[in-house]
Amino acid sequence: MKTTVDHLLALGDDALIAAQRLGEWVAAAPELEEDVALANIALDQLGAARLLLTYAGELEGAGRDEDALAYLRDDREFRNCLLVELPNGDFAVTMAKLLFLAAYQLTLYTALSGCADERLAAIASKARKEVAYHLDHARLWTVRLGDGTAESHRRMQAAVDEIWPYTHELFLPDPTAPVDPAGLRAEFLAIVEPVLAEATLERPADDWAPEGGRRGLHTEHLSYLLAEMQVLHRAHPGARW
Amino acid sequence: MSADRLRDVVAAVVDPELRVVTIEELGILRDVAEDPTSGRVTVTITPTYTGCPAMDVIRADIRRALAAAGHPDAEVVTVYAPAWSTDWISASGRAKLAAAGIAPPGPAGSGRSVPLTLTVRCPHCGAADTEQVSRFGSTACKALWRCRACREPFDHLRAL
C-alpha cells in the first residue's frame, strides 16, 4: 500500500507527543537516573518524530517542514493516538503508558522495516532498535512496581487498568496503511501479557475502547500540551538560536 | 587531491561527544565521494541514534575540515539505512574508548526484542565484577556502570 501523509502524521505525532510528555518528567522523576532515562527516551522519540514529520511535509508538497507541522498545527490536525497525550499521572501511569507504547511501536516498526517504501522502512528499522530498549526499561519498572510492595502493586495495577482501554485505538484497522495495525495486536499481546504476569498484575478485560485521535478528535489534554509546546515558536515566528 | 587523501581528511574528524574516537572509528562515516567534473565533495554519514544532538556539530566539523583542505563547498548527506550498529565500531576505536574509561559495547546481535545484558569489564582495572547503576548515561548511547573491585564508576557504550 502507498504511504499517505495522514499515516506518516500518525506515526510522527505519536512520537512527538510522547516525547513532549516524557520531557515533563525532567527534574521531577523519582530519582536522578530516571530523569536521565526519560529524557533520553524522549530524545529518541523526538529523533523519530523529526524524520517522520519531515517526510510527511515533503510528501504533502505544500512547503511545510518539521517545524511547521510540529508548531503550527492545531489540535484537530494532530493524528496521534489518545494514549500518548494522556497526562503523566503518577510514575506507574507513565510506565504503563511507556510499556504499551513501546510494545506497539516495536511491533509496528518491525513490520514497517520490511515495507516497500524504502524511506519509511529505513526510519522504522532505525527506530525499532531504540524502541526495544524503551520497552525493556518499561518492563523492568512494571515488574519492579507490580511485584513490589502492596502500595506499588496497587498503583501499578490501577495504572494498567486506567491505560489499557486506550491501547485498542492503536490497532484500529487501516487497510490503506503500509502495514495494517489491526494485524499487530496478537504480537502486542504476546509481548505485554507475559510482562503483566511476571509483575503479578491482572490483564484488564477488553471493553471500553475510546478512540478518535487518528481522526483528529482528541481529549482535552492535547490542547494544553500543544499550548505549552508551541507557545515560543508562535510568539517568535522564525526565531533561531 | 587523491580519493584516499580526501577520505583521510574526513576520517580524522573526531566525534564531539566521544572525543577520543574519530567518526570513522565510530562507524558513522559511510562514504566520501568527489564529483570528477565539478570537484564537489559529498560525504555520507549515518547517526548513532535518530535523536543524536551531535549530528549538527559533526556536519559542521566535516565541512570545516574539507574547507581547510581546499573543498569549501562540500555537501554532507545523512542516511538512515542500514541502521548504525555498535558492531561497526573499529578495533582501534574500542581500544581508545576503553583507554578513556568508557567500556566498549559487546556484540549487538540482531532481531532481539529484549536486549540481554552481558558482563561488562571495568575499563580501569579489567575486573568483570561490575554492576549497572543507570540504564541511561550522559549521552543517548551510554549507560552508567560501576566496578565492585576498584569501586570506580564508568560509562558503558550500550550495544545497539
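The values are calculated or read from the model by the stated rules, or taken from the named source; none is laboratory data. Every value quoted in this text rests on a predicted model; they were computed, and no experiment measured them. Backbone-built Cβ (ideal geometry, glycine too); neighbour counts: all protein chains shown. Just so you know, the surface numbers come from the protein's heavy atoms only, side chains and all, with ligands and any DNA or RNA stripped out. Shrake-Rupley method; radii C 1.70, N 1.55, O 1.52, S 1.80 Å.
Look at B:ARG19 and say whether it is among the basic types (Lys, Arg) and in a loop (DSSP other than H, G, I, E, B). Judged against the criteria, B:ARG19 is a match.
Looking only at the stretch B:100-111, decide whether some residue is at the interface with another protein chain (Cβ under 10 Å from one of its Cβ atoms) and open to solvent by 60 Å² or more (accessible area, probe 1.4 Å).
Within the stretch B:100-111, one or more residues are at the interface with another protein chain (Cβ under 10 Å from one of its Cβ atoms) and open to solvent by 60 Å² or more (accessible area, probe 1.4 Å).
Residues considered: A:ARG64, A:ARG21, A:ARG76. Of these, the only one that is within 14 Å of the chain's Cα centre (by Cα) and more than 14 Å from chain B (Cβ to nearest Cβ) is A:ARG21.
You will find that of A:ALA62, A:ALA68, A:ALA19, A:ALA28, the residue that is free of Cβ contacts under 8 Å to residues at least 60 places away in the same chain, surrounded by fewer than 18 Cβ atoms within 10 Å (Cβ to Cβ), in a helix (DSSP H, G or I) and of a type in the set (A, V, I, L, M, F, W, C) is A:ALA68 and no other. Evaluated against (1) among the hydroxyl-bearing types (Ser, Thr, Tyr); (2) open to solvent by less than 30 Å² (accessible area, probe 1.4 Å); (3) farther than 15 Å from A:LEU225 by Cβ, A:THR4 falls short on exactly one condition, (2).
Annotation note: Cβ proximity below 6 Å between a residue of the stretch A:148-171 that is more than 14 Å from A:VAL192 (Cβ to Cβ) and a residue that is of a type in the set (D, E, K, R) and surrounded by fewer than 17 Cβ atoms within 10 Å (Cβ to Cβ) (sequence gap 6+ or interchain) occurs for A:GLU169/A:GLU211. Within the stretch A:37-54, being farther than 28 Å from A:HIS7 by Cβ and surrounded by fewer than 20 Cβ atoms within 10 Å (Cβ to Cβ) holds for one residue alone: A:ALA39.
Got a number for residues in the stretch A:103-128 being buried (at least 23 other Cβ atoms within 10 Å of the Cβ) and facing chain B (nearest Cβ under 10 Å)? Looking only at that region, the number is 7. Just so you know, in the stretch B:15-49 the residues that are among the hydrophobic types (A, V, I, L, M, F, W, C) and free of Cβ contacts under 8 Å to residues at least 40 places away in the same chain include one that is farthest from the other protein chains (Cβ to nearest Cβ), and it is B:VAL41.
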